[in-house]
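First the structure, in the form of structure tokens, and then the observations on it.
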Amino acid sequence: MCTTCGCGSGELKIGGKPHTHSHDQGELRFRRPNHEHSHEHDHAHGETSRRVQVEQDILSKNNAYAQRNRQHFAAHGIFALNLVSSPGSGKTTLLTRTIELLQGELPVAVIEGDQQTSFDAERIRATGVSAVQINTGKGCHLDAHMIEHALEDLKPDDHSLLFIENVGNLVCPASFDLGEAHKVVILSVTEGEDKPLKYPDMFAAAGLMLLNKVDLLPYLSFDVQKCMAYAKRVNPRIRVILTSATSGEGMDEWLGWLRTHGT
Amino acid sequence: MHEMSLAESVLEIIENSAAQHGSAKVHAVWLEIGQLAGVEVEAMRFCFDAVTRGSIADGARLEIIETPGTGRCLNCGKTIHLIERYDLCPECDMPVEVIGGTEMRVKELEME
């Protein structure tokens, strides 16, 4: 963890550079809540011991950074999506295919999150769009402060589509708002149809589920209807699109969703 | 394990609050954690002990108040108690919308 502002772990790297910065401007500071007060009372720790009401959300700092990112996206007409999944769901392949299909239509930029390596950012750059890699070191999720710093490097164009590919993990990224318009959860059919019930927080937080690698369905016993029912059980409002980056199935519907929601 | 990040945020809130009140020692911390907040309470205790070591909250007692999950049935509108996010309405057997139990908050501190 950065010892000055607590921003991320000491192993955090953004665009391959260790995360270091001065803290004299632009950093968020907590304001004391208006209702905070203290009162003296008798206690075993002695006469000076007192109880102080705080009533502060543990995620308030992350949420404040997320709000700042959201304002930045709104001011620049950037449509930001937070792509979440387990490792190996095929989200980088889906993303590169999506970028290829959108080429010439919409400017696209990508923030890639992984514990280690810049393999994914390199795969994205090979499609011709800008990408910044965040390496979280031992961290299990991206947070809104990392995104703010990545945006300084990436500088996405106004009116662009920004994909944030989160660390592959169906648990931790659910709790951390990055300032995105929507979380999009990607589940591949090789993972089992019960994942929405096993990892309900992520499916509850997402607005859209892409059920990916559907070209493999003939070789599997995956029950698509059951999986969709499970997803709607934890999130009755979730939209589901069946996709395959390999066969191209569902890509029109997914691109249609992007055009409808992003413009 | 995002509880480590959460524990670091808790410590930051503690340090800010203690500084505002001119205190250098925190004896006890009350957290409110919803049962649907995606937080493993035992992991939170472990991480709290780890991150507070050597800080003003070193050795502080951690009290965790767990608040129950509640949801509203999308069919009959009744408020029901949820053990899991995917619980169905016991009367309609239909999905419910979560309306409570996702909080994670530092409620109160005891300090010198």
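Got at least one residue in segment A:30-42 being modelled with pLDDT of 95 or more and among the aromatic types (Phe, Trp, Tyr)? Give the derivation first.
Start the filter on segment A:30-42 by keeping residues that are modelled with pLDDT of 95 or more, which leaves none.
No, the conditions are met nowhere in segment A:30-42.
Which ones in segment A:221-249 are exposed (fewer than 14 other Cβ atoms within 10 Å of the Cβ) and more than 14 Å from every other protein chain (Cβ to nearest Cβ)?
Within segment A:221-249, A:SER221, A:GLN225, A:SER247, A:GLY248 meet the criteria.
Can you name the residue in segment B:6-37 that is without any contact (Cβ under 8 Å) to a residue 60 or more places away in the chain and within 7 Å of another protein chain (Cβ to nearest Cβ) and, of all such residues, is farthest from the chain's Cα centre (by Cα)?
So in segment B:6-37, the residues without any contact (Cβ under 8 Å) to a residue 60 or more places away in the chain come out as B:7-9, B:11-12, B:15-16, B:19-20, B:22.
With the extra rule that they be within 7 Å of another protein chain (Cβ to nearest Cβ), the set shrinks to B:8-9, B:12, B:16, B:20.
Values: B:GLU8: 13, B:SER9: 12, B:GLU12: 15, B:ASN16: 19, B:GLN20: 23 Å.
Among those that are without any contact (Cβ under 8 Å) to a residue 60 or more places away in the chain and within 7 Å of another protein chain (Cβ to nearest Cβ), it is B:GLN20.
Just to be sure before I move on: is A:LYS195 of a type in the set (Lys, Arg), open to solvent by 10 Å² or more (accessible area, probe 1.4 Å) and over 19 Å from B:GLU97 (Cβ atoms) in the structure I sent? I'd like the intermediate steps shown before the answer.
On the way: of a type in the set (Lys, Arg): yes; open to solvent by 10 Å² or more (accessible area, probe 1.4 Å): yes; over 19 Å from B:GLU97 (Cβ atoms): yes.
Considered against the rule, which asks whether it is of a type in the set (Lys, Arg), open to solvent by 10 Å² or more (accessible area, probe 1.4 Å) and over 19 Å from B:GLU97 (Cβ atoms), A:LYS195 comes out as yes.
May I ask you to list pairs of residues, at least six apart or on different chains, whose Cβ atoms are under 6 Å apart, with the first in segment B:49-63 being under 19 Å from A:ARG51 (Cβ atoms) and the second being open to solvent by 30 Å² or more (accessible area, probe 1.4 Å) and among the acidic types (Asp, Glu)?
Partner pairs satisfying both residue conditions: B:THR52/B:ASP58.
Restricting to segment B:64-106, name every residue that is open to solvent by less than 50 Å² (accessible area, probe 1.4 Å), touching a residue at least 40 places away in the same chain (Cβ under 8 Å) and either farther than 21 Å from A:ASN235 by Cβ or in a strand (DSSP E or B) (or both).
Result: B:LEU82, B:VAL98, B:GLY100, B:MET104, B:VAL106.
If you scan segment A:69-84, which residues turn out to be at negative phi and small (Gly, Ala, Ser)? If you could, list the steps in order and put the result at the bottom.
If we filter segment A:69-84 for residues that are at negative phi, which is where we start, we get A:69-76, A:78-84.
Once the filter is applied, which keeps residues that are at negative phi and small (Gly, Ala, Ser), segment A:69-84 yields A:ALA74, A:ALA75, A:ALA80.
Collect the residues in segment A:52-62 that are on the phi < 0 side of the Ramachandran plot and either without any contact (Cβ under 8 Å) to a residue 24 or more places away in the chain or open to solvent by 60 Å² or more (accessible area, probe 1.4 Å) (or both), keeping them in residue-number order. Before you say what the answer is, go through the steps one by one.
Filtering segment A:52-62 down to residues on the phi < 0 side of the Ramachandran plot leaves A:52-54, A:56-62.
Passing the criteria: A:VAL52, A:GLN53, A:VAL54, A:ASP57, A:ILE58.
The values are calculated or read from the model by the stated rules, or taken from the named source; none is laboratory data. This structure is a prediction, so every number in the text was calculated from the model and none was measured. Every residue, glycine as well, gets a Cβ built from its backbone with ideal geometry; the counts of neighbours run over all protein chains shown. With ligands, DNA and RNA removed, areas are computed over all heavy atoms of the protein, side chains included. Shrake-Rupley method; radii C 1.70, N 1.55, O 1.52, S 1.80 Å.
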